[in-house]
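Novice: Can you read through this structure? Questions will come right after.
All of the numbers you see were taken from the coordinates with simple rules; none came from a lab. Note that the coordinates shown come from a computational prediction; the quantities given were computed from them, not determined experimentally. Cβ atoms come from the backbone with ideal geometry, glycine included; neighbour counts cover every protein chain shown.
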Amino acid sequence: MDARDSAVLGLVLASFFWALNGVSWKVFLGLGFSFIVIFWVSRLFKFLSVLFISYSRVRVHEPVKNGRELGIIFLNALFSVGTPFFFFLAILYTKVSNAYFLQYTMSAWVLLAAILFLGEKAGARKILSFLLTLAGILFIAKPEDILGLNAGVALALLSSFSYAGDIITARELRGYSYHTISVYTNAMQFLITTIMLPFFFPDISGLQGEPLGFVSLVVLGILLGIASDLYYQALHTLEASAASIIAHLELLFASVIAFLFFSETPTIFEFWGYALIFGASVIILFRKSDVANFERLLHLTDKL
């Protein structure tokens, strides 16, 4: 198995772990764990898992080269925290599958930014894919919910914006080994989580919850660490467009798991919304230049 095949297989496995993580949060909430406990414990053991994997393979990591790259590491960590943070809040107000498909409108926002900031031409295919995305959002959320600022829709879309930033900033750090980036960004993620979350969510109930539930939460964090290592490996090996397409398997895994755990089934309107968003993503992501050119956005600061 060559490096590319290994990266593809690893990203498929990471997508399954992410889907399991997203769906399981509702289970942990049902067991009495508070938001901050679920998020903080999973991030702690995610970081410890990444640290163990990394130092079992690479004893010495490259130092951060300059302030700009430290800033990119911080941005990547911030986006990496923001994506699950907004997603977690979104599933409190909408179905897990709805939140996932809205999160995966990320491709459309990448395309829009490429047009607005990089001078990409707004061709017929791009306009069609963007309109399909908007139509998909309307089918899932319903127009009256959009106008009423439905919390689940808004939070899931914020998660999608953060997800786009995560991929872009991670690709900007290809000068480092993926083990190094995984350690640095996950350490920064845990630091951000530890400092910021207590200000917004001071409730730490659940620490004396069901022991088996707490152990499961620890296992979840470890699986997230494994997924993080596989994710950064894939981004160093595959094109951003290819990685994004493969990561869409998370949608399938999450929909199946949500059905098995919560009997979630989409309405006919939600189903058409899913189909429109998925179709738009395929149209966008099969054009590699849309994602590759957007990666140059951060380089704009070098020219100012």
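Novice: Hey, rough spin-label estimate for PHE74 and TYR55, points 7 angstrom out along Cα→Cβ, what's it come to in nanometres?
Specialist: 2.5 nm
Novice: If I model a spin label at ALA187 and ALA275 as a point 7 Å from the Cα along the Cα→Cβ vector, what separation in nanometres do I get?
Specialist: In this crude label model, ALA187 to ALA275 measures out at 5.0 nm.
Novice: Also: Exposure proxy check: TYR231, TYR274 ranked by fewest other beta carbons within 10 Å?
Specialist: TYR274, TYR231
Novice: Got a sec to turn the phi values of region 121-128 into Karplus ³J(HN,Hα) couplings, 6.51 cos²θ - 1.76 cosθ + 1.60 with θ = phi - 60°, whole Hz, x for Gly and Pro?
Specialist: 6, 8, x, 4, 5, 5, 4, 4
Novice: Another question about this same structure. For PHE259 and SER216 in one chain, what is 0.36 nm times their gap in residues minus the Cα-Cα distance, to one decimal in nm?
Specialist: So the extension gain works out to 13.5 nm.
Novice: Mind ordering 122-135, 16-29 by average Cβ neighbours within 10 Å, highest first?
Specialist: The densest-packed peptide leads the list: 16-29, 122-135.
Novice: Sorting GLU250, GLU69 on the 10 Å Cβ count, fewest up front, what's the list?
Specialist: GLU69, GLU250
Novice: With the Cα gyration tensor of region 11-131 giving a ≥ b ≥ c as the square roots of its eigenvalues, does the rule (a/c under 1.5 for rounded; else a/b larger than b/c for prolate; else oblate) give rounded, prolate or oblate?
Specialist: In terms of gyration-tensor shape, oblate.
Novice: Also, I was wondering about something else. Would you mind ranking MET188, MET196 by Cβ crowding within 10 Å, fewest neighbours first?
Specialist: Neighbour counts put them in this order, fewest first: MET196, MET188.
Novice: Moving on to the next point. Measuring from label point to label point, each 7 Å out along Cα→Cβ, what is the PHE200 to LYS121 span in nm?
Specialist: Result for the modelled spin labels: 4.1 nm.
Novice: Also, I was wondering about something else. Per-residue counts of other Cβ atoms within 10 Å, averaged by peptide: what ranking do you get for 38-48, 253-263, highest first?
Specialist: Highest mean packing first, the order is 38-48, 253-263.
Novice: Could you pull out every residue, at least 5 positions away or on a different chain, whose amide H is within less than 5 Å of the one on TYR104? Hs are placed 1.01 Å off N in the peptide plane, and Pro or chain starts have none.
Specialist: Those lying under 5 Å, H to H, from TYR104: there are none.
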